[in-house]
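Laboratory data are not the source of any read-out in this text; all were calculated from the coordinates shown. Keep in mind that this is a model prediction, so the values were computed, not measured. All Cβ positions, even for glycine, are placed from backbone atoms using ideal geometry, and neighbour counts span all protein chains on display.
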Amino acid sequence: MRDNAQSWVAKVIVGIIVLIFALTGWESINRFTNKADEAAEVNGEPISKLELEQAVALQRRQLMQQLQQMGSQFDPSMIDEAFLRSTVLDGMIERSVLIQGAQEAGFQISDQMIDQLILSTPDFQVDGKFDANRFDVVIRNMGMPSRMAFRDLVRQQLLITQYRNGYEATSFATPLESKQLAALENQTRDFAALAMPVDDVDTEVTDAEVEAYYAANAQQFMTPERVVLNTLTLSRKSFFDQVEVDDEAVQQLYEREIGNLAEQRRASHILVEIGDDEAAAKARIDEAAARIAAGEDFAKVAEEMSDDTGSSRDGGDLGYIVKGSFDQAFDDALFALQPGEVSAPVRTSYGFQLVKLTDLKAPEVPSLDSMRDQLVQELKTEQVERSFVDASQQLANLAHEAPDLAEPAAALGLTVETLGPVERLGGEGLAANPKVMNAAFSDDVLNNGFNSDLIELDADTVVVIRVKQHLTPEQRPLADVSADIRTQLAHTKAEQAAAEKADQLVEQLRSQALTVDAAAEQAGLEWQQHEAVGRGENQIDQALLRNVFAMPKPEADKPVYASFKRAAGGYWLVVLNGVSVAEDVQSAEGGADQYGLFVAGQSGQQDFAAAQQQLRSEAEVERY
């Protein structure tokens, strides 16, 4: 092999192999290196996997909060992770397409717009003033990893809003469109309705029909699958009586708590943005500093010269803040001042600023006695947390290893309880929790006879279950269900008879074989007369009203007849006698303006939707 490997033929073959590996291998390495951290790419702009994971986590948290409002029995497993991830990525792609479209259209959002929005948002305020601590808490609860991430989110949303408003604010309605809408909205109708209930139709159901229905629909008459469960519940609150707290630990925790109390400083500022001319900005801030040094009121100078429109109206007041609320240069200037002092001009990331300390709020130190109950509870909670976690882990291990629940119950001093029989849909107590029922009817627990995994009912309670008895579905005897079948068949027959009767009366009215009065007499009912009824009438059945306004307009004073199914059962027989429109529809209910605005709004939304669709269809999107 060594001898042949030195031949020119072997060298050519090896060279070709090296070249192929070099080209294809480098492409694979390059693609892996460049795209490994990307979830998608929109017109060349990447969406990173980190951004996707953060968005998925935020969406999951919001979805769980919404679902938990449905009740304490919410099961997180109800969330389809694959569908959630795909949906979130679709939304991020749509968002990226819109942002790019807005940027190409020339829309921009300044830092000052974001600052003003944040400072004026009520959720970030305490006593009507912006509070940095409150701001941090709110965005943290939203799942935002940092202030910059929140600012970027606000910038993107404002950009998209501007882009949408560009379409919606420039849309308009023609006079003809306004007039047509006004005519429709102010239209009234004269009609009569006859309510034909199902109960008025006599029906008979034979034994043979009942037996035939039972045989053809045997699966409908099976007993539900049910289980009897053994349960073992471990509760956090049961551990509180088992722990003790000594005075030394209370004293140490008290000292830590009061040591964390932060000083708050109320600040006012004057901001001069730098822009393209730093020298001019420096001259302006120096002018403001000179005026204040000469005795002018800081608030008045701030109102006249500050570029921060959000605070200048309040004399530059920023409210109470703690260290770290703004950038380092601002903090250094503020926390070097005494109350009433004004700093020298300082350059920050926002521009040139003058900072004034208007008030100093030292932390209020509560007494040990006033905090003792709270501290004892916190210390107990810490101990209980450890004990509860250890016991939960022990229960999980024992349940996994034991052939039943007797051994875990004896080891932890718990009592095995019996629940059921219950169906798959659940019942009361533990059976109302979908996580418990999902576990009970899982293959391992139901068919293999294993104990369940540890089920977390809530933050303070866990449970393990085991199927004690499995009750499989069985055919219910005909005698038990014949009454239900008879009732169902009778109702179906009555509905069919009522429909046929209603259709027959409509045809007779249309052919003039019956008069309106004769139709009512034949049905044994009375017409309900309605004159000049508008679309917004709320004293008439809304389903009936919608159907009446969907009927064609009578021609040459010839009534229009129709029948409609009633939600409560039975049918409406309707005679539409006339349709009227106000002579001056433009002046009705506020004139043409409100109709024009509505049409323009709808048109603007359609224009924006079309633009969004065009951007999406033209975008080059690649998912990884």
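Quick notes on this structure:
- Using θ = phi - 60° and Karplus 6.51 cos²θ - 1.76 cosθ + 1.60, couplings along the stretch 334-342 (whole Hz; Gly, Pro as x): 5, 7, 9, 9, 9, x, x, 7, 10
- 5 angstrom amide H check on residue 578, placed H, neighbours 5+ away: 190
- Centre separation in Å (Cα based) which lies between the stretch 306-322 and the stretch 123-146: 17
- Cβ crowding within 10 Å averaged over residues, with 217-225, 415-423, 93-101 ranked highest first: 93-101, 415-423, 217-225
- Inter-site label distance for residue 140 and residue 309 at 7 Å from Cα along Cβ, in nm: 3.3
- Proximal charge balance of residue 333 [Cβ under 14 Å; K/R count +1, D/E count -1]: 0
- Annotation for residue 540 and residue 610: the two label points, set 7 Å from Cα along the Cα-Cβ direction, are 3.6 nm apart.
- Phi-derived couplings, Karplus 6.51 cos²θ - 1.76 cosθ + 1.60 at θ = phi - 60°, listed residue by residue for the stretch 228-237: 9, 10, 9, 10, 9, 10, 10, 10, 4, 5 Hz, with x used for Gly and Pro.
- Taking each of 300/356; 493/558; 237/435 in turn, the alpha-carbon distance tops 25 angstrom for 493/558.
- Residue 516/residue 172 FRET efficiency (R0 56 Å; Cβ-Cβ; nearest 0.05): 0.75
- Length gained on full extension, residue 347 to residue 476, computed as 0.36 nm times the residue gap minus the Cα-Cα distance: 38.0 nm.
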